[in-house]
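What follows is a short report on a single structure.
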Amino acid sequence: MTRRFPDGFLWGAATSSYQIEGAVDADGRGPSIWDTFSREPGAVLNGENGDVAIDHYHRVGDDVKLMADLGLNAYRFSVAWPRIQPTGSGPAVQAGLDFYQRLTDQLLDAGIAPALTLYHWDLPQPLQDAGGWPNRDTAYRFADYAGIVADALGDRVKLWITLNESWCAAYLGYLSGEHAPGIQDPAQALASVHTLNLAHGLGARAIRSALGDGAQVAISHNIQVNKAATDAPEDVAVKTRLDLVNNEILLAPQLDGAYPEGLFEATERFTDWSFVRDGDLDVIHTRMDALGLNYYSTGTVRAGEDPDRDPFQPTLVDGVARVRPEGEYTEMGWLVEPQGLTDLLLEMHRRWPGLPLYVTENGAAFDDEVAPDGRVHDERRTAYLHSHVEAVGRAMDAGANVRGYFAWSLFDNFEWSYGYGKRFGIVHVDYDTLTRTVKDSGHWYSRLAGSGVLPGVDETTA
Ligand code: PNW
């Protein structure tokens, strides 16, 4: 059966500033928390960092040309806050804005719709020195920054994403410490969630007041999709408790205007939530035009103790054991489970009927090499993308209002604490020469983008 997607469906690929740009000292850019964190011994595998990354900052023209050759009709990128405001506040650096104005002009010339993420984890270091995301003031700084970028790029960009994965920013940054700034403190993590929620709402308002209804405002969440290992009440209870502190803590205030029932009790041993002020929930509940979902995998959980768990790493929910079902796993150790994406989209549709949805990231890390024939035969990635795009189609058949899909990632790039060791790209990057080579999955994706029809997994010729 041929799977055909609607006209106007966005077929894009996604990246983020720190992961691809390099040029960390160029044109007045200030340091971000990732510049600092990646220099701490042991923080990133092999001591790698984003100083050069894939040098996108200097190769932006060729990179856009490559997207055009692939026939993408959308591109999701993020703006590096420290290029716009090196200290996180104060006047904008024109050279920083110029870079993104050139990028968006080139995209539009090539018929590629820009989808702009304002924050993909590169917080200006001076804002961390002032307390970072646990500090309420960071939300107001973010709103100022959002307004600056909206004024500068609002004539070119229609789809605005306030924050990428606030779950990661709060919980990997301030709870597990795997990401910058590398703090392990449940109280700071929960305060960060609230500041990020507030930042989203204030940022959405800043964009709206600069651009009116011409702009579509969204956020990208990596909702944790978990299944209970069995129907036993204790296993189901574990899943419900995880959903509460991972997902509902973001979705409920943003889309329903209130923190979910039971959240404050479930976390009272860490914080009294006194940082929530009158009026905050109204701000957080500012109308969104679309919801972005980043999906990679589905977890399975049961009640119990996890033998693999690092006992020194704090957690918000005790008594959780992770189950590793049989199946295919990517290089990240993530189970390939496309049905989880269908379920997620349908669950969002059930709760907020008609809300436009975008898959703002989906993809897989595999070990790829350039073969003697000069190509990258990444069959497993093609199969992954195929099964997940098919999963999006199934959700649309059942009524979900999905408007676009963005592969993560356009390029192999700096994969955070894994450094350059994990390759997610549909375009291979040789880290010695920085040469870009479209992988077979990229050729496959190009066919999909060009036709709106799901190709077979073997349709990978250029
Ligand atoms: C997302 N987790 O990160 C990010 O948006 C990308 O920048 C990143 O490259 C991509 O997914 C692949 O990792 C995540 O631990 C990082 O569950 C970690 C997790 C989830 C998403």
Part of a loop (DSSP other than H, G, I, E, B) and either surrounded by fewer than 16 Cβ atoms within 10 Å (Cβ to Cβ) or in contact with a helix residue (DSSP H, G or I) (Cβ under 6 Å, 6 or more places away or on another chain) (or both): does that describe Phe264?
no
With the requirement that a residue be among the charged types (D, E, K, R) and more than 16 Å from the ligand (Cβ to nearest atom), what does the range 297-347 give you?
Arg302, Glu305, Asp318, Glu326, Glu328, Asp343, Glu347
Can you tell me which residue among Ala395, Ala391, Ala364 is in a loop (DSSP other than H, G, I, E, B), in contact (Cβ under 8 Å) with a residue 24 or more places away in the chain and buried (at least 21 other Cβ atoms within 10 Å of the Cβ)?
Ala364
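Matching residues to (1) within 30 Å of Leu255 (Cα to Cα); (2) in contact with a Gly (Cβ under 8 Å, 6 or more places away or on another chain); (3) surrounded by 24 or more Cβ atoms within 10 Å (Cβ to Cβ):
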| position | (1), (2), (3) |
| --- | --- |
| Phe406 | yes, yes, yes |
| Phe414 | no, yes, yes |
| Asp430 | no, no, no |
| Trp444 | no, no, yes |
Scan of the range 208-226 for residues that are surrounded by fewer than 19 Cβ atoms within 10 Å (Cβ to Cβ) and within 16 Å of the ligand (Cβ to nearest atom), ordered by number
Gln224
Between Asp412, Asp378, Asp430, which is touching a strand residue (DSSP E or B) at 6+ places or on another chain (Cβ under 9 Å), within 14 Å of the ligand (Cβ to nearest atom) and not polar (S, T, N, Q)?
Asp412
Cβ-Cβ under 8 Å, sequence separation 6+ or interchain: first residue in the range 323-334 and outside any loop (DSSP other than H, G, I, E, B), partner of a type in the set (Gly, Ala, Ser) and more than 10 Å from the ligand (Cβ to nearest atom). Which pairs?
Val323/Ala229
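Let's see how each residue does on (1) of a type in the set (Lys, Arg); (2) under 29 Å from Ser417 (Cα atoms):
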site	(1), (2)
Phe77	no, yes
Arg83	yes, yes
Ser89	no, yes
Ile112	no, no
What do you reckon, is Thr36 more than 20 Å from the chain's Cα centre (by Cα) and modelled with pLDDT under 95?
no
In the range 309-338, which residues are hydrophobic (A, V, I, L, M, F, W, C) and surrounded by 11 or more Cβ atoms within 10 Å (Cβ to Cβ)?
Leu316, Val317, Val320, Ala321, Val323, Met332, Trp334, Leu335, Val336
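The values are calculated or read from the model by the stated rules, or taken from the named source; none is laboratory data. Note that this is a predicted model, so its numbers are computed, not measured. Glycine also receives a Cβ, built like all others from the backbone with ideal geometry; neighbour counts cover every protein chain displayed.
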